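Written out below as structure tokens is the structure these notes cover.
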Amino acid sequence: MALMPIIKLPDRRLKQVSAPVSEVTDETRAFLDDMLATMYDAPGIGLAAVQVGRMERMVVIDIANRDDGPPDPMCMINPEIVWRSEEMAEYEEGCLSIPDVYDKVSRPAAIRVRYLDRDGKARELDCDGLLATCVQHEVDHLDGVLFIDYLPRLKRERIIKKFIKQARQEERV
Ligand code: K1U
Ligand code: ZN
């Protein structure tokens, strides 16, 4: 399994919409394994393919990684949120593409997600709590949406400016 570099703000790919996966193959499964290894290594509880530069609709999630629990990896191909609760829940989110920035985001408290698993089998899953938050965060990545897009404009712009400055400084060295 290979670790892949995670792209960071202000990389423009993070604002692009990813394309559906047309066929689930051995190569898809090998790539999902590399995504899981990269997520565990980061460490994180989720990762979208765009975050490692592949513009296809795939995400991996393991919320057990937050508490160092036994691994419970999930792979979702072409995930689609087909139901959202009216009730909202607030959670302090972070993003591996926006390191060291955490802020509260309010999202539907429960969702139903439809997706293909790593064998290409269609599945539906009801999620609440941190899993619901994480699935929504990852599906947003596939649509070019970042959690900072839910923050007030001035706050968001300050974060983006900081990362642009950081990237320029890294270019110089
Ligand atoms: O998509 C990503 O950038 C991954 C992100 C997922 C996420 C976190 C919090 C709320 C919603 C979605 C992360 O995993 S950030 C890192 C993180 O949460 C974490 C870091 C160390 C241990 C456990 C969790
Ligand atoms: Zn993220």
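FYI, it's all coordinate maths here, none of it is from the lab. Because the structure is a prediction, the values reported are computed rather than measured. A quick note on method: Cβ atoms are made from the backbone with ideal geometry, for glycine too, and the neighbour counts reach across all protein chains shown.
Computed values, structure above
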{"item": "The range 1-92: C-alpha gyration tensor shape, a/c 1.5 cut-off, then a/b vs b/c", "result": "rounded"}
{"item": "Helix-derived mean residue ellipticity, 222 nm - over the chain, DSSP H n ≥ 4, -39500 (n - 2.57), to 500", "result": "-9500 deg cm²/dmol"}
{"item": "Contour minus Cα-Cα distance for Ala37 and Lys104 (0.36 nm per residue)", "result": "21.4 nm"}
{"item": "Relative contact order, percent, the range 46-109 [alpha-carbon distance under 8 Å, six or more residues apart]", "result": "23"}
{"item": "Gyration tensor verdict on the chain (Cα atoms; rounded if a/c is under 1.5, prolate if a/b is larger than b/c, oblate otherwise)", "result": "oblate"}
{"item": "Antiparallel bridge percentage (DSSP; both residues within the chain; nearest 5)", "result": "95"}
{"item": "Selection from Trp83, Pro43, Pro70, by position along the positive dipole direction of the range 1-121 (Cβ)", "result": "Trp83"}
{"item": "Along each principal axis, Cα extent of the range 133-173, largest first, Å", "result": "37, 22, 14"}
{"item": "Listed peptides 124-136, 41-53 by packing density, highest first (mean Cβ within 10 Å)", "result": "41-53, 124-136"}
{"item": "Among Leu142, Ala167, Ala110 - extreme Cα towards positive end, dipole of the chain, charges at beta-carbon", "result": "Ala167"}
{"item": "About the Cα centre, charge dipole magnitude for the range 105-165 (Lys/Arg +1, Asp/Glu -1 at Cβ), debye", "result": "520"}
{"item": "Between the range 67-84 and the range 19-60, the alpha-carbon center distance in angstrom", "result": "12"}
{"item": "Global form of the range 1-44, assessed from the alpha-carbon gyration tensor, a/c cut-off 1.5", "result": "oblate"}
{"item": "Relative contact order %, the range 14-173, counting alpha carbon pairs below 8 Å whose residues are six or more apart", "result": "23"}
{"item": "Simple label model, 7 Å out from Cα along Cβ direction - Glu87 to Arg123, nm", "result": "2.5"}
{"item": "Estimated distance in nm for a label pair at Arg12 and Ala64, the labels positioned 7 Å out from Cα along Cα-to-Cβ", "result": "4.1"}
{"item": "Added length on full extension, which subtracts the Cα-Cα distance from 0.36 nm per residue, Glu27 to Tyr150", "result": "40.8 nm"}
{"item": "Relative contact order computed over the range 91-163 (Cα-Cα under 8 Å; 6+ residues apart), in percent", "result": "24"}
